[in-house]
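The values are calculated or read from the model by the stated rules, or taken from the named source; none is laboratory data. A quick note: this is a predicted structure, and the numbers were derived from the prediction, not measured. FYI the Cβ positions are ideal-geometry reconstructions off the backbone, even for glycines, and counts take in every protein chain you see. Calculation scope for accessible area: heavy atoms of the full protein, side chains included, ligands and nucleic acids excluded. Shrake-Rupley method; radii C 1.70, N 1.55, O 1.52, S 1.80 Å.
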Amino acid sequence: MRIPISYPIRSDAPGWPGNEIFEIEHVRSMAKGDVNNSCIFRMHEHYGTHMDAPFHFNNNGPKMAELPFDWFFSDKPLLLDIPKGSCETLDPEDFEPYAEQIAQADFLLIRTGFQRFRDTDPKKYQMESPAISPAGCEYLVKTFGGTLKIVGFDTQSLGNASDKTGAGIEAHRWMLGGYTEHFITVIEDADLQDVPADKPLLAAAAIPLRMIGTDSSPVTAWVEV
């Protein structure tokens, strides 16, 4: 059974503060006498469930369409439940108890439980989401870089929108290969609520729009149980 872990794109979803949202313009309508229905859409590349390619924070890293196509498929996914509250961080000590499991994975999903606020309190989800600290990102890249390809989580971003210290910038630089030879791409704003904790994940995939020149893309993503 395949379970989607990417949200349908809609115009009222919370996004990173200041970024454009999803807009759709219906340019033809059969109801109005046109021969077909068609539309134009506009959205920020970092809106909804999306993947950050290394170029997002690493000027020497590959852009989205430059990643090998096999990158987006996994036969060794892993889900970790690590509950976190408002503005809390995921640090090395949160990952160390699972080191043996992570070492066997190529696609890591982290469920903090914070996605429960995405619809019930979107402002809280937008501004208070847990984040992976720079130290947590450094640990993941240095310890598992080279085997772990993708990390996804049920929070707004790798960083926290309310943070003014630059921690989110440093976290992205670590994860996306700014300081090491390895990088791990990031899936932000994933929908993990329906992924069972009591069943092994057999496979996973996160398929981007392969647009030339972009540093990110929305993804259609799923896990198989």
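Just so you know, in segment 169-190 the residues that are of a type in the set (Gly, Ala, Ser) and open to solvent by less than 20 Å² (accessible area, probe 1.4 Å) include one that is farthest from the chain's Cα centre (by Cα), and it is Gly177. Taking the criterion of being touching a residue at least 40 places away in the same chain (Cβ under 8 Å), surrounded by fewer than 19 Cβ atoms within 10 Å (Cβ to Cβ) and of a type in the set (Asp, Glu), the only residue of segment 191-214 that qualifies is Asp194.
Is it the case that some residue within segment 82-91 is in contact with a Gly (Cβ under 8 Å, 6 or more places away or on another chain), surrounded by 11 or more Cβ atoms within 10 Å (Cβ to Cβ), assigned to a loop (DSSP other than H, G, I, E, B) and of a type in the set (Asp, Glu)? So far as segment 82-91 goes, yes, one or more of its residues are in contact with a Gly (Cβ under 8 Å, 6 or more places away or on another chain), surrounded by 11 or more Cβ atoms within 10 Å (Cβ to Cβ), assigned to a loop (DSSP other than H, G, I, E, B) and of a type in the set (Asp, Glu). Among the residues of segment 35-63, those identified as touching a Ser or Thr at 6+ places or on another chain (Cβ under 8 Å) and under 21 Å from Asp154 (Cα atoms) are Glu45, His46, Gly48, Thr49, His50, Met51, Asp52, Ala53, Pro54, His56. Taking into account only those residues within segment 1-22 that are open to solvent by less than 100 Å² (accessible area, probe 1.4 Å) and assigned to a strand (DSSP E or B), which is nearest to Val195 (Cα to Cα)? Among those residues, the one meeting the criterion is Ile3. Only one of the listed residues (Pro200, Pro218, Pro196, Pro208) is modelled with pLDDT of 95 or more and over 21 Å from Ala53 (Cβ atoms). That residue is Pro196.
At least 1 residues being touching a Phe, Trp or Tyr at 6+ places or on another chain (Cβ under 9 Å) and among the charged types (D, E, K, R) is the threshold, and among the strands (runs of 3 or more DSSP E) wholly inside segment 107-196 those reaching it are 107-111, 185-188.
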